[in-house]
Amino acid sequence: MTFHDNERYDAIISGAGPVGLFLACELALAQCSVLVLEKTEDPTSPLKRVPFGIRGLSAPTIDALHRRGLLRELQIHKRIQSPHQHAGEGPRRQAGHFAGIPFHDGDIDATRWTYRLPGSTPTHLLSEMEELESVLARRAETLGVRLLRGAAVTGFHQTGDGVAIHSHERTFEGQWLVGCDGSRSAVRKLGGFEFAGTEPEFTGYTAKVDIADPKKLKPGRNMTPHGMYLQSQPGHLAIQDFDGGAFHATGMPITREHVQDVLRRISGTDVTIDALHIATTWTDRARQATAYRKGRVFLAGDAAHIHSPLGGQGLNLGLGDAMNLGWKLAATIKKHVPHGLLDSYHAERHPIGERILDWSRAQVAIMRPEPHARALNGIVRDLMKTRDGATYFAGKVWGLSTRYPLGDGHPLLGSSVPEFEFEDGRTISDLMHDGRGVLLDFAGTASLERFAGEYGGHIVYVTGHPKESFELSALLIRPDGFIAWASEGPPDIGDLHNAAARWFTRGASS
Ligand SMILES: Cc1cc2nc3c(=O)[nH]c(=O)nc-3n(C[C@H](O)[C@H](O)[C@H](O)COP(=O)(O)OP(=O)(O)OC[C@H]3O[C@@H](n4cnc5c(N)ncnc54)[C@H](O)[C@@H]3O)c2cc1C
């Protein structure tokens, strides 16, 4: 495909991280022209590879990837094992953690998630950043996205009907700009978005080292009077130093001597590090843009919210933003947009971001190296050993409680659609690869087929008998897989019309 710089794009995305790439795919799937500007030349990095680049994917992310046919392309999770899984196998297999306190598969009561079908996609998986990004980049390019590497966004200004975006001396024009350019987002800063929140309590270190006398360190995760250290595999260190985030803020190089000093102080040993192979630092700074949109500019992913990586939520949160924004922005670009659709991006995603920031703050609060936090930590640990406790934490960490407030009515309203499987073996995800809404009719009602027809190609009508229907007769599913309307008895077409009018417009798709 040939591209020209003076082409005007429907959307320009700053940042080819997982969130920017996934959003680009969503927009291109709906036939929008998309340019992605990425600062770095080289998409590969040891920090994106196993072990440092391991990321935990939660249920909404897994479902989103599956609904676009991308899950099967991720292979790495079949090879990698969580560092936490040393804790056991089978029912005692660690299934996640809160503040480093593990919960285990065997303690979780999965029957509480009434609408989660057995045999559907997993609730959690491990993935690798580099593989995820390369799968998404390949897909974006297949769909016709222009991806320019070594092209940082350095400035932009909004015009009446678009945005002029500068990358050093080059200028690109788009109808919309989305900043997916990570925690230090240029779009957020240049656009003057307020970024409110709390300052860090610690500097976190992830490092690969050679240790002369590893037996001086205790196995597993160790809370000490000065912080925390964990040796997940020989020489793979994670350290939390409650220095108020001071070292991370200096931006100084991370030397062998420095990591050794910190490790000695935290572990209370005189352990010796012979060599430092790779190291990175992070903090628990927790901030969120107070608005995810300013005119024709949006933020998504780490550009919109940052928090500590404890419990592995940031990537999942960002991909959820992209899945939510993609179809709404595409509908706006294609001019088949109900009033208020774009505003629902902030309305739905900001509260979820807020909850995740609080989830990460709560973890920090019980990890502080001081007696009150220790006491609270012990109580949480006890609760997590109970069935109710383990189930509660699993539901949160795996994202099973994610729900948009789409009104009262059926309990599934606003939830992710269960993975219905039809008698011919197809599942609902198989029917969502093209990113359109679905009217799912389990009863073969002629009026529903006519109704879907009025929405042109925006809503696909599907009828069939699933193996499990939860006594539902029909459902309206948004392109992101969330349920906009659900009926158990004969469908109320007036009710369906009201629900559909919030998300779709009638008429042929363009
Ligand atoms: C140690 C650690 C462990 C983690 N573990 C997990 C986990 O298990 N699960 C989880 O969900 N999350 C985890 N996270 C968080 C997760 O990695 C991030 O939330 C996720 O990478 C955010 O994706 P993104 O696309 O928004 O931003 P990024 O991945 O940061 O991508 C942003 C992209 O924008 C580019 N860019 C920057 N500036 C510009 C510019 N001016 N112009 C153009 N491009 C630009 C960057 O080069 C980059 O490619 C972890 C994070 C850390 C540090």
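Can you give me the relative contact order of the stretch 429-503 as a percent, contacts being Cα pairs under 8 Å and 6 or more apart?
30 percent
Rounded to a whole number of µm²/s, how large is the Stokes-Einstein D of the stretch 429-503 at 25 °C and 0.890 mPa s, given Rh as the Kirkwood radius over C-alpha pairs?
200 µm²/s
At a threshold of 8 angstrom on Cα-Cα distance, excluding pairs fewer than six apart, so keeping six or more, what relative contact order does the chain reach in percent?
Once divided by the residue count of the chain, the mean separation gives 18 percent.
Can you give me the Cα centroid spacing of the stretch 121-137 and the stretch 417-438 in angstrom?
A separation of 21 Å, based on Cα centres.
Put +1 on the Cβ of each Lys and Arg and -1 on the Cβ of each Asp and Glu in the chain; which of 455, 30, 192 then has its Cα farthest toward the positive end of the dipole?
Farthest towards the positive end: 192.
Angle check, please: helix 256-267 long axis (alpha carbons) against the longest principal axis of the chain (alpha carbons), in degrees 0 to 90, nearest 10.
90 degrees
If Lys and Arg each add +1 and Asp and Glu each add -1, what is the summed charge of the other residues whose beta carbon sits under 11 Å from the beta carbon of residue 302?
+1
Return the lysines within reach of residue 396: Cα separation strictly under 18 angstrom, same-chain partners fewer than 8 residues apart disregarded; answer none if there are no such residues.
385
Just to confirm the number: angle between the C-alpha axis of helix 493-503 and the first principal axis of the chain, 0 to 90 degrees, nearest 10?
50 degrees
At 1.4 Å probe size, with the rest of the protein present, what percent of the exposed accessible area of the chain is carbon and sulfur atoms?
For the chain, the apolar C and S fraction of the accessible surface comes to 53 percent.
Note down the nm distance, to one decimal, between modelled labels 7 Å out along Cα→Cβ at residue 148 and at residue 212.
Distance between label points: 5.2 nm.
Sorted from largest down, give the three principal axis spans of the alpha carbons of the chain, whole angstrom values.
Computed over the chain, the largest-to-smallest principal extents equal 76, 58, 37 Å.
Which net charge results for the neighbourhood of residue 505, defined as the other residues with beta-carbon distances under 11 angstrom from its beta-carbon, given Lys and Arg at +1 and Asp and Glu at -1?
+3
Calculate the length of the line joining the C-alpha centroid of the stretch 203-246 to that of the stretch 1-61, in whole Å.
Measuring centre to centre over Cα atoms gives 33 Å.
Using 1/(1 + (r/R0)^6) with R0 = 45 angstrom and r between the beta carbons of residue 222 and residue 347, what's the FRET efficiency to the nearest 0.05?
For R0 = 45 Å, the calculated efficiency reads 0.60.
With labels modelled as points extended 7 Å from the Cα through the Cβ direction, what inter-label distance (nm, one decimal) is found for residue 388 paired with residue 110?
2.3 nm
Let me have the relative contact order for the stretch 402-472, percent, based on Cα pairs under 8 Å that are six or more residues apart.
30 percent
Given the options 207, 316, 420, identify the residue whose Cα lies farthest towards the positive end of the charge dipole of the chain (+1 on Cβ of Lys, Arg; -1 on Cβ of Asp, Glu).
Checking the options against the dipole of the chain, the answer is 207.
Relative to the compact-globule scaling 2.2 N^0.38 Å, provide the ratio for the alpha-carbon radius of gyration of the stretch 266-355.
1.56
Rounded to the nearest Å, what's the spacing between the alpha carbon centres of the stretch 285-348 and the stretch 445-510? Just the number, please.
Centre-to-centre distance over Cα atoms comes out at 25 Å.
Which angle from 0 to 90°, rounded to the nearest 10, does the C-alpha axis of helix 387-397 make with the longest principal axis of the chain?
70 degrees
Return an integer: the convex hull volume of the alpha-carbon atoms of the stretch 201-320, in Å³ per residue.
So the per-residue Cα hull volume is 122 Å³.
Under a plain spin-label model, where a point goes 7 Å from the Cα along Cα-to-Cβ, how far apart in nm are residue 277 and residue 45?
Going by the 7 Å Cα→Cβ label model, 1.9 nm.
What FRET efficiency comes out for the pair residue 373/residue 408, r = Cβ-Cβ distance, R0 = 56 Å, nearest 0.05?
0.90
Using only helices, what value at 222 nm comes out for the chain when you add -39,500 (n - 2.57) per DSSP H run of length 4 or more and divide by the total residues, to the nearest 500 deg cm²/dmol?
-9000 deg cm²/dmol
Among DSSP beta bridges lying fully in the chain, give the percent that are antiparallel, nearest 5.
Expressed as a percentage, antiparallel bridges in the chain total about 75.
Taking only protein heavy atoms into account and a 1.4 Å probe, give the accessible area per residue of the chain in Å².
42 Å²
With only Lys, Arg, Asp and Glu charged, each at its Cβ (+1 for the first two, -1 for the last two), find how big the charge dipole of the chain is about the Cα centre; round to the nearest 20 debye.
That gives the chain a dipole magnitude of about 700 debye.
Holding the Cα-Cα limit at 21 Å, pick out from 189/335; 39/78; 48/78; 78/215; 39/294 the pairs that are longer than that.
The answer is 189/335; 39/78; 78/215; 39/294.
The values are calculated or read from the model by the stated rules, or taken from the named source; none is laboratory data. Model, not experiment: these values are computed from the prediction. Using ideal geometry, Cβ is built from the backbone for each residue, glycine included, and neighbour counts are taken over all protein chains shown. These area figures cover heavy atoms from the full protein model, side chains too; ligands, DNA and RNA do not enter into them. Shrake-Rupley method; radii C 1.70, N 1.55, O 1.52, S 1.80 Å.
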